[in-house]
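The values are calculated or read from the model by the stated rules, or taken from the named source; none is laboratory data. Please read these numbers as outputs of a predicted model, since none were measured by experiment. Virtual Cβ from ideal backbone geometry, glycine too; neighbours counted across all protein chains shown. For the accessible areas, the whole protein counts, side chains as well, though only heavy atoms, and no ligand, DNA or RNA atoms are used. Shrake-Rupley method; radii C 1.70, N 1.55, O 1.52, S 1.80 Å.
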Amino acid sequence: QVQLVESGGGLVQPGGSLRLSCAASGSMFSIYTMGWYRQAPGKQRELVATIFSGGNTDYADSVKGRFTISRDNAKNTVYLQMNSLKPEDTAVYYCNGRAVGSAYWGQGTQVTVSS
């Protein structure tokens, strides 16, 4: 069983930055594909960024050039650096970890972009 715990959310002004962290318990973190999703009120949960076990990354078009996903396998942690934040980035952000036959979710962290 893997537990994921997100942190780093909060209130930020448009144009500002935040860094989200997701700490994973358990072993074999390095083999998991890790992702960040978000869900705004009244909308479906959407995939924001993915980092594969080998380090390759993928991003939603809406965040390309502004967000960066990274991982530190020694710390069992994945990060999401968010720059140039916009009001439309406001959502609950969820960490996801998946491998063959398993998938895990964190509890979510609120990000609010507002002046």
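Exactly one residue among 40, 60 is among the small types (Gly, Ala, Ser), more than 15 Å from residue 112 (Cα to Cα) and modelled with pLDDT of 95 or more, and that residue is 60. Can you tell me which residue is most open to solvent (accessible area, probe 1.4 Å) among those in the stretch 68-92 that are within 23 Å of residue 4 (Cα to Cα), part of a helix (DSSP H, G or I) and not charged (D, E, K, R)? Of everything passing the filter in the stretch 68-92, 74 is most open to solvent (accessible area, probe 1.4 Å). Here is the figure for the stretch 93-115: residues that are of a type in the set (Val, Ile, Thr) and buried (at least 19 other Cβ atoms within 10 Å of the Cβ) total 3.
Only one entry in 65, 26, 54 is surrounded by 11 or more Cβ atoms within 10 Å (Cβ to Cβ), part of a loop (DSSP other than H, G, I, E, B) and not basic (Lys, Arg), namely 26. Contact map, the stretch 1-22: residues that are under 14 Å from residue 78 (Cα atoms) paired with residues that are at pLDDT 95 or above and charged (D, E, K, R), Cβ distance under 8 Å, separation 6+ or inter-chain. Pairs shown: 8/19; 20/6; 21/6; 22/6.
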